[in-house]
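Structure, as structure tokens:
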Amino acid sequence: MTMDWSMSLLMFKLAHISDIHLGPLPRLSIRELASKRITGFVNWHRNRSKHLFGGTLDILLEDLKERGPDHLAITGDLVNLASTIEIRTAAEWLRTVGDPAFTSVVPGNHDAYVPGAYEKSMRAWYPYVRGDLSPPEWEEDRHVFPYLRVRDRVALIGCSTAVATLPFSASGFYSSRQARETVNMLRAAGEAGLFRVLMIHHPPIRSATSFHKRMIGIRRFGAVVSTGGAELVLHGHTHLNTVKWLRGQTSPVPVVGIASASQGPGGMKPRAAYNYFTISGSPGAWELKGERFSLNQLGDGVSAEGANIFGP
């Protein structure tokens, strides 16, 4: 007897965190600071270090792991200034978070903070950004993104907007090459009867963030979703808990952002949080429930924010 997987029911649990900003900052040489990093270094000590705490991240991950997700999506900014030490530390941290087969990462602007940092980050974190059909080892001058991973009846497609930018800029770029390849992946996944999740760092929504932090290629990404088809888009960058919508093939597609996973209480941005999605149903009749769990006001535990972030 054969089973028609395209019509079978599914119950898949997907967790989502972003903007880890692992700290504290390591000691940096004068040479390392003689670049855009000096502005980030000052910003960290003036602002971020007051509210981004490693202990917060530990509390959040402990609660997340207790819920037993089938997969974890991390949408960028694992580091702050993308120094060699930070990139190596992030690789070690990833190994404590979970097996690469069950943890998918896309990079953020801080992971490509200065020229050359993007390549170093992707080489160090390659097991977590490697698609199912990608070569087993990192290869120079080979495009990593978009990548495709299939877990149960869910297609996880990772895209990159991470590029080195000038001081006081945190914009991202989504290329036409990525767009073409992403559309092909989405169409193939749709034809295979899979629930399609797109992961990207910068929000693909106009006015979601200030001009100098924007995503260049928003229209291109929107066309990818409307023509290729998708069921869910996850992003980070803004450090905000948001739900927006993009036009899809047959119905609007939810675009979900999340607070920084290291944001402690008392800051201007929402406290650390993670999204927890339950995916069920079958092609043409998918059901998606999204819950959000946030650090409490005391900063010593995690609590649910509501039954469903998409509404009743």
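Being within 30 Å of ILE279 (Cα to Cα) and β-branched (Val, Ile, Thr) is the filter here; which residues of segment 114-155 pass it?
VAL129, VAL144, VAL150, VAL154, listed by residue number.
Name the residues in segment 103-127 that are part of a helix (DSSP H, G or I) and in contact (Cβ under 8 Å) with a residue 40 or more places away in the chain, would you?
Of segment 103-127, the ones part of a helix (DSSP H, G or I) are 109-112, 117-124, 126-127.
Across segment 103-127, the qualifying residues are ASN109, HIS110, ASP111, ALA112, ALA117, TYR118, SER121.
Inspect segment 290-311 for any residue being of a type in the set (Lys, Arg), at pLDDT 95 or above, open to solvent by 40 Å² or more (accessible area, probe 1.4 Å) and within 21 Å of LEU246 (Cβ to Cβ) and give the result as yes or no. Spell out how you get there, then give the answer.
Kept after step one, since they are of a type in the set (Lys, Arg), are these residues of segment 290-311: 292.
Within this subset, residues satisfying the condition of being at pLDDT 95 or above are 292.
Next cut, open to solvent by 40 Å² or more (accessible area, probe 1.4 Å) only: none.
No, segment 290-311 has no match at all.
Can you tell me which of (1) touching a strand residue (DSSP E or B) at 6+ places or on another chain (Cβ under 8 Å); (2) modelled with pLDDT under 95 is the one ILE85 doesn't meet?
Going through the list (1) touching a strand residue (DSSP E or B) at 6+ places or on another chain (Cβ under 8 Å); (2) modelled with pLDDT under 95, ILE85 breaks only (1).
Determine whether segment 139-156 contains at least one residue that is part of a helix (DSSP H, G or I) and under 19 Å from the mean Cα position of the chain (by Cα).
To start, the set of residues in segment 139-156 that are part of a helix (DSSP H, G or I) comprises none.
Checking segment 139-156: not a single residue is part of a helix (DSSP H, G or I) and under 19 Å from the mean Cα position of the chain (by Cα).
Looking at ALA223, ALA179, ALA230, which one is over 22 Å from TYR113 (Cα atoms), modelled with pLDDT of 95 or more and part of a loop (DSSP other than H, G, I, E, B)?
The match here is ALA230.
Out of segment 125-139, which residues are closer than 19 Å to THR161 by Cβ and in contact with a helix residue (DSSP H, G or I) (Cβ under 8 Å, 6 or more places away or on another chain)?
The answer is TRP125, TYR128, VAL129, ARG130.
Return the residues of segment 106-134 that are open to solvent by 20 Å² or more (accessible area, probe 1.4 Å) and charged (D, E, K, R); say none if nothing qualifies.
GLU119, LYS120, ARG123, ARG130, ASP132
Report the residue count in segment 249-269 for those that are modelled with pLDDT under 95 and surrounded by fewer than 24 Cβ atoms within 10 Å (Cβ to Cβ).
9
On the given criteria, is ASN80 in a loop (DSSP other than H, G, I, E, B) and at pLDDT below 95?
Working: in a loop (DSSP other than H, G, I, E, B): yes; at pLDDT below 95: yes.
Taking the combined requirement at face value, the residue satisfies it.
Pairs, please: C-beta under 7 Å, at least 6 apart or cross-chain, first residue farther than 18 Å from THR182 by Cα and in segment 131-144, second at pLDDT 90 or above and open to solvent by 70 Å² or more (accessible area, probe 1.4 Å)?
TRP138/ARG123
Which one of VAL255, VAL224 is farther than 22 Å from PHE12 by Cα and of a type in the set (A, V, I, L, M)?
Exactly one of VAL255, VAL224 is farther than 22 Å from PHE12 by Cα and of a type in the set (A, V, I, L, M), namely VAL224.
Would you please name the residue that is farthest from ALA82 (Cα to Cα), looking only at residues in segment 135-174 that are buried (at least 18 other Cβ atoms within 10 Å of the Cβ) and among the small types (Gly, Ala, Ser)?
Among residues in segment 135-174 that are buried (at least 18 other Cβ atoms within 10 Å of the Cβ) and among the small types (Gly, Ala, Ser), the one farthest from ALA82 (Cα to Cα) is ALA155.
The values are calculated or read from the model by the stated rules, or taken from the named source; none is laboratory data. Worth saying up front: this structure is predicted, and the values here are computed from it rather than measured. Here Cβ is always computed from backbone atoms with ideal geometry, including for glycine, and neighbour counts include all displayed protein chains. Only protein heavy atoms, including side chains, enter the accessible area calculation; ligands, DNA and RNA are left aside. Shrake-Rupley method; radii C 1.70, N 1.55, O 1.52, S 1.80 Å.
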